[in-house]
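Below: one structure, written as structure tokens.
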Amino acid sequence: MTLVLGIETSCDETGVGLVEDGVLLGDALSSSMLEHVRFGGVVPEIAARAHVQAIVPAVHEALAKAGATLADVGAIAVTAGPGLATALHVGVAAAKAYATALSVPLYAVHHLAGHAAADTLVHGPLPAKSVVLIVSGGHTSLLLVGDLVADPIVHLSDTVDDAAGEAFDKVARVLGLPYPGGPAIDAAAASGNASAVAFPRPLTGRNDPPLGFSFSGLKTAVARHVETLARAGAPVPVADIAASFQEAVADTLIRKAIAACRLHEVGTLVIVGGVAANSRVRALAQERCAAGGLELRVPPPRLCTDNGAMIAAIGDLLVRAKAAPATLTVPVRPSVQLRWADLEHPPQEL
Amino acid sequence: MTMGPRWRPPARTDIRIVEADRGDAGPRVELPTATDTRALGRALGEVLHAGDLIILGGPLGAGKTALTQGIGDGLGVTTGVVSPTFVIARVHLEGRIPLVHVDAYRLGGLGELDDLDLDVSQDESVTVIEWGAGMAEALSDAYLRIDLARADDSDVRTAVLDAHGGDWAARVAEALRARHV
């Protein structure tokens, strides 16, 4: 058995995880999120500098939790893309250094495949086929997933404009709520009436693509609603607007995810990404999956957001599938599309 | 109405409550639908050269990304042009000229644009910068500034095309003529 060290630095979280044979043995997470608050979002240079400071302590912390030492590490897996280039460089450089120093194989993996793998650490291997909804600040995607490392990952749909998490951040700006917008809107919505404002459910019309996502128009509808009230000198009911907006996002996401399961005759829905931590998204998914006879798998919040354990999980699958390791010249690929979990040596297309 | 956090207006110009009444700096175009916004972008995309800089202004939801989607169309970009907010910049290499699409909302200065380590240089690409007003002008002597605005109570947008230097004024006129054909 091989202990795999996973490294994730694609955005503002420095994540390290240690996985062996599908079991998470230790992990560590260092976030530079607080340093980005005053900018209303992640600033690449700040994130990259924070990764440089955090990466080695995070590796040591994860090893300590696992009761292991560097000498026990048998392989390294690292997020090589997509993400912020300057941030990715830090993790990839660290991974190459560890792989060289320890003389162990290196795997360059796709960030989104890591998200899909995160759930296997708590709920065991995925079934033969599942639909994965990845919903975060940078992504809103539906994937059709089989064997995570042997089969191609089929990208069913992506947002055509803003990601759902981005809409949360921008609506938070409009409502005068802090960054990051997701938790702020979730908290504000708790005391609000979700049917106070009938915000649109984007791309749910008869002629719209059944699995397509678009959140730009919804964001604008909220901005317009707030402006109209503000211009009239009326009070802006932040809680009601937050709850109504959150309901529109959750309703749209879950509707489309269930439609994808039906369309592809899949019985399991996996939801991951930062927005999967949203209380209304989770509740609505539970309610509708139960009603529709679908198995719902949502990892705990700390595995929903970016982390190193999910990258170690993919690395572990690659090691066990006897995949060829990456060379030490493997580049970062900030805007790589998702087709295979392994970015350096994808299996040959049939 | 339920009680909740008290609303305080956002610090930046994320929304428009009052529009500053400054005279138009260039041609003003009415854009009744998002399709019209994209059509304007496409007409502009067809007259662009390598090295061009376009700076987009306007509040959230004014159509900055939609206009850039049209510019991408006009350049022959086939992959989806989506919001660059999360990654700060997206590079589209498959068109007639590379398209660099930037959201400068979180950039502290122009140095940070270099730090993004983009795959192409400004000279060999078309650079479109959202939220770049007041900062991106220094990137080039000649640039096109487009300010987008939303109407109060309808989906109608307006775009003011403000040509600075070079042959921008002539090319804007050419694009606007093409748009009406």
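All of the numbers you see were taken from the coordinates with simple rules; none came from a lab. None of these values were measured; they are calculated from a predicted model. For neighbour counting, all protein chains shown are included, and Cβ atoms are generated from backbone atoms with ideal geometry for every residue, glycine included.
Rounded to the nearest 10 degrees, the inclination of helix A:164-174 to the longest alpha-carbon principal axis of chain A is 50 degrees.
Can you check what the Kirkwood hydrodynamic radius comes to for the protein assembly as shown, Cα pairs only, in Å to one decimal? Don't skip to the answer; put the middle values down first.
Values: mean 1/r = 0.0419 Å⁻¹.
Across the protein assembly as shown, the inverse of the average 1/r is 23.8 Å.
When you look at the Cβ of every residue in A:181-191, what mean number of other chain Cβ atoms sits within 10 Å?
Taking the mean over all residues of the peptide, I get 1.
Residue pairs exceeding 22 angstrom between C-alpha atoms, taken from A:65/A:322; A:129/A:219; A:219/B:64; A:256/B:64; A:96/A:129: A:65/A:322; A:129/A:219; A:256/B:64; A:96/A:129.
Based on the mean of other beta carbon atoms within 10 Å per residue, what is the order of A:81-93, A:288-300, most packed first? Walk me through the numbers on the way to the answer.
Details: A:81-93: 24.2, A:288-300: 16.2.
Sorting A:81-93, A:288-300 by mean packing, highest first, produces A:81-93, A:288-300.
Given 37 °C and 0.692 mPa s, compute D for region A:128-298 with the Stokes-Einstein relation, Rh being the Kirkwood radius over Cα pairs; round to the nearest whole µm²/s. In µm²/s, the coefficient rounds to 202.
Shown here is the pair-distance distribution of region B:25-178: with all Cα-Cα distances grouped in 5 Å bins from zero up to the longest one, the shares run 2, 10, 21, 25, 22, 14, 5, 1, 0 percent.
Spacing of the modelled spin labels on residue B:121 and residue A:259, each 7 Å from Cα toward Cβ, amounts to 4.6 nm.
If a/c stays under 1.5 just call it rounded; otherwise compare a/b with b/c (prolate if a/b is bigger, oblate if not). Do that for region A:89-183, with a ≥ b ≥ c from the square roots of the Cα gyration tensor eigenvalues. Before the final figure, lay out the partial values.
Working: a/c = 2.47, a/b = 1.37, b/c = 1.81.
Judged from the Cα gyration tensor, region A:89-183 comes out oblate (a/c at least 1.5, b/c at or above a/b).
Computed about the Cα centre, the dipole magnitude for region B:31-181 is approximately 520 debye when only Lys and Arg (+1) and Asp and Glu (-1) carry charge, each at its Cβ.
Placing a pseudo-label 7 Å from each Cα along the Cα-to-Cβ vector at residue A:103 and residue A:327 gives an inter-label distance of 2.2 nm. Result for chain A in a Gaussian network model with C-alpha springs under 10 Å: among A:129, A:170, A:322, the largest mean-square fluctuation is at A:322. Between residue A:52 and residue B:174, what FRET efficiency comes out of the Förster formula 1/(1 + (r/R0)^6) with R0 = 56 Å and r the beta carbon distance, rounded to 0.05? Working from the Cβ atoms, E equals 0.70. A dipole drawn for region A:191-278 from +1 and -1 charges on Cβ atoms has a positive end, and of A:209, A:236, A:196 the residue lying farthest that way is A:209.
All alpha carbon pair distances within region A:155-227 were sorted into 5 Å bins beginning at 0; the resulting P(r) in whole percents reads 3, 16, 21, 26, 18, 10, 5, 1.
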